[in-house]
1. Please enumerate the residues belonging to the stretch 59-117 that are farther than 20 Å from Pro45 by Cβ, touching a Ser or Thr at 6+ places or on another chain (Cβ under 7 Å) and of a type in the set (A, V, I, L, M).
2. Can you pull out every residue in the stretch 94-122 that is among the hydrophobic types (A, V, I, L, M, F, W, C) and surrounded by fewer than 13 Cβ atoms within 10 Å (Cβ to Cβ)?
3. Exactly one condition in (1) without any contact (Cβ under 8 Å) to a residue 12 or more places away in the chain; (2) among the β-branched types (Val, Ile, Thr); (3) surrounded by 14 or more Cβ atoms within 10 Å (Cβ to Cβ) is false for Ile80; which is it?
4. Tell me yes or no: at least one residue of the stretch 138-148 is of a type in the set (Val, Ile, Thr) and either exposed (fewer than 14 other Cβ atoms within 10 Å of the Cβ) or at pLDDT 95 or above (or both).
5. Kindly indicate whether any position in the stretch 152-166 is outside the structural domain of Ala47 (by TED's automatic domain parsing), of a type in the set (D, E, K, R) and either assigned to a loop (DSSP other than H, G, I, E, B) or at pLDDT below 95 (or both).
6. Going by what's in this entry, would Ile52 be described as surrounded by 15 or more Cβ atoms within 10 Å (Cβ to Cβ) and modelled with pLDDT under 85?
7. How many residues are farther than 19 Å from Ser78 by Cβ and within 17 Å of the chain's Cα centre (by Cα) when one looks only at the stretch 104-129?
Amino acid sequence: MTHTLINPDHNPNNELIRTDPHFVDRLPHFADEEVAQDPDTKLDPEARYLAILATLLGCQGVDEFRIQLTRALDAGLSPIEVKEVVYQAVDYLGLGRVRPFLGITNDVLEARGVSLPLPDQTTTTMDDRLEAGNAEQVELFGAGMDKATSAARSTTGSPTTASATTTRAPA
């Protein structure tokens, strides 16, 4: 599934450099220094790029996702972590909104020499994934999450999410 040929020599901001040079001059300072280095909000690079990629998925920022994905991988995010954030977005955004990002992710990873599919990271089965996911949510967010999942299951009779995996990135 190829969406756009990836040319490592192509600067995705070339058109902006031509049309909006003052904006392009200031954007890296704002994004990479003022925001990223603010001591009150500073995150480690991996957490920062996970947040950026998730936000771009949510706002459907396809073009910027391609740019930031490359930066995220360069900053140390693993292909597994990138795939997981894309997979998890299906639960919140739906497959129709996420499929283009999965294609972009695959294109970028393959262009970087990453062999696909990635090794299987699933830690659940189709039979236990809802319970395992609920246990993870309770662990992360507290006992109130247990009631939310139980109520959703009793109302619908089926799982409320469709994520392919429940994974934890390697430590």
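The values are calculated or read from the model by the stated rules, or taken from the named source; none is laboratory data. Bear in mind the structure is a predicted one, so any value in this text is a computation, not a measurement. Cβ placement follows ideal geometry from the backbone for every residue including glycine, while neighbour counts extend to all protein chains displayed.
1. Of everything in the stretch 59-117, just one residue is farther than 20 Å from Pro45 by Cβ, touching a Ser or Thr at 6+ places or on another chain (Cβ under 7 Å) and of a type in the set (A, V, I, L, M), namely Val90.
2. Within the stretch 94-122, the subset among the hydrophobic types (A, V, I, L, M, F, W, C) is 95, 98, 101-102, 104, 108-109, 111, 114, 116, 118.
Within the stretch 94-122, Leu95, Leu116 meet the criteria.
3. For Ile80, the exception is condition (1).
4. No, the conditions are met nowhere in the stretch 138-148.
5. yes
6. The answer is no for Ile52.
7. 0
Residues checked against (1) at pLDDT below 90; (2) within 30 Å of Asn134 (Cβ to Cβ):
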{"position": "Asp9", "(1), (2)": "yes, no"}
{"position": "Asp25", "(1), (2)": "yes, no"}
{"position": "Asp32", "(1), (2)": "yes, no"}
{"position": "Val35", "(1), (2)": "yes, no"}
{"position": "Thr41", "(1), (2)": "yes, no"}
{"position": "Asp44", "(1), (2)": "no, yes"}
{"position": "Val62", "(1), (2)": "no, no"}
{"position": "Ala75", "(1), (2)": "no, no"}
{"position": "Glu81", "(1), (2)": "no, yes"}
